[in-house]
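Below is one structure, written out as structure tokens; the observations come after it.
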Amino acid sequence: MPNDRVVLVIEDNVAFARVMFDQVRALGFKCLVAVNGEGGVALANEYQPEAITLDLGLPGVDGWIVLEDRTARLLLVEDNVVEREAIAALLGNGDVVVTSVATGLEAWRLLQSTMFDCIGRERTPDESAQLALRTSAILVKNVTSVE
């Protein structure tokens, strides 16, 4: 599975896990399912999935503990050094480890040897259109967002 696009579903409700499994497969991903937190952590560590859906109210090791065990790795691609440093400072709070680069070429080189959970960069209009087709809601945050 090294080159497969994998999503991990951690859900103790088997019927809902099946719904999630079917949705993930319909989007072209391979899907792993764990019915408890312990199994979810083991699968996440072994397969390094592209995404994880997580029930926070799991028996045993609950979803909050699973989240605590996982630090997100973000690759930030931004050519403006001031913006790059500001974004890295904002996001790099211990739960997120930010690796910043200035160019796509630098990002490409890093991606050859390093796994990241997320890549932050501007979307093209075509990517935005594709994202809109696959999601029911998009939240875009920027410096003027009210928190």
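Numbers below:
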read-out: 2 or more residues more than 16 Å from the chain's Cα centre (by Cα) and touching a residue at least 60 places away in the same chain (Cβ under 8 Å): qualifying strands (runs of 3 or more DSSP E) within region 1-59; value: none
read-out: Failed criterion for residue 76 (all others in (1) outside the structural domain of residue 116 (by TED's automatic domain parsing); (2) closer than 24 Å to residue 95 by Cα hold); value: (1)
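A quick yes/no check of all residues on (1) outside any loop (DSSP other than H, G, I, E, B); (2) touching a Ser or Thr at 6+ places or on another chain (Cβ under 8 Å); (3) among the hydroxyl-bearing types (Ser, Thr, Tyr):
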site: 65; (1), (2), (3): yes, no, no
site: 76; (1), (2), (3): yes, yes, no
site: 79; (1), (2), (3): no, yes, no
site: 107; (1), (2), (3): yes, no, no
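For every residue, the table says whether it meets (1) at pLDDT below 80; (2) outside the structural domain of residue 10 (by TED's automatic domain parsing); (3) polar (S, T, N, Q); (4) surrounded by 12 or more Cβ atoms within 10 Å (Cβ to Cβ).
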position: 33; (1), (2), (3), (4): no, no, no, yes
position: 47; (1), (2), (3), (4): no, no, no, yes
position: 53; (1), (2), (3), (4): no, no, yes, yes
position: 61; (1), (2), (3), (4): yes, no, no, yes
position: 83; (1), (2), (3), (4): no, yes, no, yes
position: 94; (1), (2), (3), (4): yes, yes, no, no
position: 101; (1), (2), (3), (4): no, yes, no, yes
position: 111; (1), (2), (3), (4): yes, yes, no, yes
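The values are calculated or read from the model by the stated rules, or taken from the named source; none is laboratory data. What you see is a predicted model; the values in this text were computed from it and never measured. As a convention, Cβ positions derive from the backbone with ideal geometry for all residues, glycine included, and neighbour counts pool all protein chains shown.
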